[in-house]
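The next block holds one structure in the form of structure tokens; read it before the comments.
The values are calculated or read from the model by the stated rules, or taken from the named source; none is laboratory data. Since the structure is predicted, the reported quantities are computational estimates derived from the model, not experimental observations. Glycine also receives a Cβ, built like all others from the backbone with ideal geometry; neighbour counts cover every protein chain displayed.
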């Protein structure tokens, strides 16, 4: 077979994206389209006392003012983490109750966007406000409910016996995804009561199930279409209330309706990364052998769903620590439900823990890379299972070499350049290898092409390209002979494009159906009543360079497929890891998205990396610049080094943004996100990013599935903030234990 | 903004979520907003259409001409996803009213390729994997072409600075810089200036 897997094939969707031909959800304007605009509550707690919809109903073009009084009845759907498909179980406009600032209270639909937005701005709404709303993580937050716990050995005894100890508290703010694509959708009901929704989606099948559930529709009369997604990062995994409101409005007007949620309005109405606080006690011997980790955390959530992202399970897999105790708590606040955002559990937890490891290295006067070398676990410290593969120390070795780490003077404030303070820091990057399940169909056509159908998503991750490469590899074709269709709920069900699972699950599904289609072709050709391969053994046939071969006998794939009675060959199947419980595979796509890992029955699987960051700090202005970053990762088989590189690089860019810029600031008087736009919520721009080196090490993993590929979408962000914070300490001698790190934190 | 803890509060006039109501009654309360007859030249083609005068150039391109390559990301000139060229200058189409764009040559991403042949900047974006989700890409490409034409592509540092009006949430910045450097180094970039494509 050709070596196509593992080559840096350019994106197959590249031309569509650089010419503007790629159609994202809101690019599907159509005849008769009406436009919706949201009216949001300026209070955080209370109720809607009255809405004078008559005041705007007569304005030009206005077709509908939808409020809690005329909203169609919806059926319940649980939040995804509770086994449903929704972002939040609580939905606006189902009653008059206000539970968070910015909750929608009305939807105005008009013939044009200008008319709808104008009328929405004029709609008179009276509220009865209740005091006491809290949208921030209070300093004295009581964690009365537990989000997660973990115990290994006797952590208290190990702590007591530790010669060197570090105690520290860390804090991260709420953050918003801010994909550049606005949230929103187009909903259209047909005359038979079917519903079609164009909505950016990481999970077309799950969204279809959720929307069908809520409107009491059969799934086959509900369709979710999302071939291109303008950035997702976890925020487009679940059914947002704004999607349901648009579907409801379109039902009432009987016309297609588009809702474009403004940048400002997205802050309260969509998902976000909740604020978190961690308290870490880390104990070690004088030689730097870790003995104890005692970890407690407070994690912000909403009042109505138990959405939280405890990170202890992952931290427990980093190093060999005989005594560990994790207690993770929930703190309820008056906000919309938080949700998945790029490495939801890992990003805050790894920042805190890898900062604490650096603090311990300082206390031990030890090279922080050496500290990690002394604590490499031979097996999973939690379950005692072997690793499917683990290359953390090799990542550190290579990263240190690329970065020039041996030139580091470990004393803080010891390095300068042209009058600036220079700091070098490192940290471990980690992400669990979640093993999910997916299905796919592959058809060989009489044109000698292959068509792959799968409801997986390409959220910029390269799914179109890697699935084509996998199919091409199995079928002896070039990737341009493979057409991949994704992002449509009518296609074969797939897992949610979250948790870095698509390459592994959908990749293995496509590999499986491609092999089945190839074998079915060989069988049909050898069993045919005529043709060059008649009577041969199927095992003697092979497929390469678009040609079926058996010894000297050859036939083009196009001719071979054309010769068959049906003029095509098709295979459909599901891939599930042998250690996935059968019942989990069966509940696929209906309730939640089944996932195994990081620990399976016989192994534990995670991807690891090592990140190095240089900061340059002006001694007077204290401005922090990042001239260079290095990340070395091992992710099993790299299916496409070009797209994998971009994923990891993008994670590191976001990591810098997380470390230095991003916070959704809370106005405590109004329990509201105060910097709700892109002018005030800062994300990294081009000028913030200096030299950035990404390298991927070879790593073989034969336990996680036939392809041996771990997901890479999320690991890239995880080590950046701690490596950067550690570099800031190295440059200044000031330890900043909260994000983002700002000038005022290092005035000294 | 008034104190929301008041027992009953009329919040209809303003809040800080971007839905600030006008202080005065809308003009012509009893009838439609003024409609203007516009003549616009986009990608070398002349379009005549009657539009609500509030319509932005961006919404006109996307919703009225079907040119959806320019993207909506913030509607306040903060993200650059809507960047187009107007008489050879890069502008934010979301901050430009359609009526104000008359008499200028507007070039969008759809106006760059010559048939199957991509513009060198489009090709460079593919070659350097200068995007992931692709949503900011049309704006990045329009901006990149102008960046070179302005003479702001002399070094990686200069490109980073002059491409910072175009946000990329996937974090493709280093590859965007490489793509711009690549085209700047070719020296013969086709620039769609005044007079159309």
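What to note about this one:
- Residue in region A:59-70 that is closer than 29 Å to residue B:58 by Cα, assigned to a loop (DSSP other than H, G, I, E, B), within 14 Å of chain B (Cβ to nearest Cβ) and out of contact with any helix residue (DSSP H, G or I) (no Cβ under 7 Å at 6 or more places or on another chain) present: no
- Condition check for residue A:677: surrounded by fewer than 24 Cβ atoms within 10 Å (Cβ to Cβ), assigned to a loop (DSSP other than H, G, I, E, B) and either out of contact with any strand residue (DSSP E or B) (no Cβ under 8 Å at 6 or more places or on another chain) or not assigned by TED's automatic domain parsing to the domain that holds residue A:459 (or both): yes
- All positions within region B:127-141 that are within 7 Å of chain A (Cβ to nearest Cβ) and in a loop (DSSP other than H, G, I, E, B): B:129, B:131, B:132, B:133, B:134, B:135, B:136
- Members of region A:125-169 found to be within 19 Å of residue A:319 (Cα to Cα) and under 33 Å from the mean Cα position of the chain (by Cα), listed by number: A:149, A:150, A:151, A:152, A:153, A:155, A:166, A:167, A:168
- Scanning region A:121-152 for residues that are within 14 Å of another protein chain (Cβ to nearest Cβ) and part of a strand (DSSP E or B) yields A:125, A:126, A:127, A:128, A:129.
- Unmet requirement for residue B:85, which otherwise passes all of (1) within 23 Å of residue B:188 (Cβ to Cβ); (2) buried (at least 23 other Cβ atoms within 10 Å of the Cβ); (3) within 13 Å of another protein chain (Cβ to nearest Cβ): (3)
- Some residue of region A:180-191 being more than 28 Å from residue A:300 (Cβ to Cβ) and without any contact (Cβ under 8 Å) to a residue 12 or more places away in the chain: yes
- In summary, strands (runs of 3 or more DSSP E) completely within region B:1-97 and bearing 1 or more residues that are under 23 Å from residue B:165 (Cβ atoms) and at pLDDT 95 or above occur at B:35-42, B:83-86, B:89-92.
- Looking at region A:193-310, the strands (runs of 3 or more DSSP E) lying wholly inside it that each contain 3 or more residues that are touching a residue at least 24 places away in the same chain (Cβ under 8 Å) and away from chain B (no Cβ under 14 Å) sit at A:195-198, A:222-225, A:276-284, A:290-301.
- Region A:384-399: number of residues that are part of a helix (DSSP H, G or I) and surrounded by fewer than 20 Cβ atoms within 10 Å (Cβ to Cβ): 4
- Considered as a group, the residues in region A:15-58 that are more than 8 Å from chain B (Cβ to nearest Cβ), surrounded by fewer than 19 Cβ atoms within 10 Å (Cβ to Cβ) and closer than 30 Å to residue A:332 by Cβ include one that is nearest to the chain's Cα centre (by Cα), and that residue is A:47.
- Residue selected from region A:685-708 under the condition facing chain B (nearest Cβ under 7 Å) and assigned to a loop (DSSP other than H, G, I, E, B), by the criterion nearest to residue A:265 (Cα to Cα): A:685
- Residue-level check: of (1) modelled with pLDDT under 95; (2) facing another protein chain (nearest Cβ under 8 Å); (3) more than 30 Å from residue B:134 (Cα to Cα), residue A:82 misses just (2).
- So residue A:91, is it in a loop (DSSP other than H, G, I, E, B), touching a residue at least 60 places away in the same chain (Cβ under 8 Å) and closer than 22 Å to residue A:268 by Cβ: yes
- Unique residue being in contact (Cβ under 8 Å) with a residue 24 or more places away in the chain, over 14 Å from the mean Cα position of the chain (by Cα) and not assigned by TED's automatic domain parsing to the domain that holds residue B:51 when the list is B:132, B:140, B:104: B:132
- Matching residues in region B:169-192 - criterion: being more than 13 Å from every other protein chain (Cβ to nearest Cβ) and not in a helix (DSSP H, G or I): B:187, B:188, B:189, B:190, B:191, B:192
Conditions tested, residue by residue: (1) surrounded by fewer than 22 Cβ atoms within 10 Å (Cβ to Cβ); (2) in a loop (DSSP other than H, G, I, E, B); (3) away from chain B (no Cβ under 14 Å).
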position: A:77; (1), (2), (3): no, yes, yes
position: A:101; (1), (2), (3): no, yes, no
position: A:114; (1), (2), (3): yes, no, no
position: A:118; (1), (2), (3): no, no, no
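- Applying the condition of being part of a helix (DSSP H, G or I) and in contact with a helix residue (DSSP H, G or I) (Cβ under 8 Å, 6 or more places away or on another chain) to region A:523-538 and asking which residue is surrounded by the most Cβ atoms within 10 Å (Cβ to Cβ) yields A:525.
- Leading residue by the ranking (nearest to the other protein chains (Cβ to nearest Cβ)) among those in region A:455-512 that are touching a helix residue (DSSP H, G or I) at 6+ places or on another chain (Cβ under 6 Å) and at positive phi: A:462
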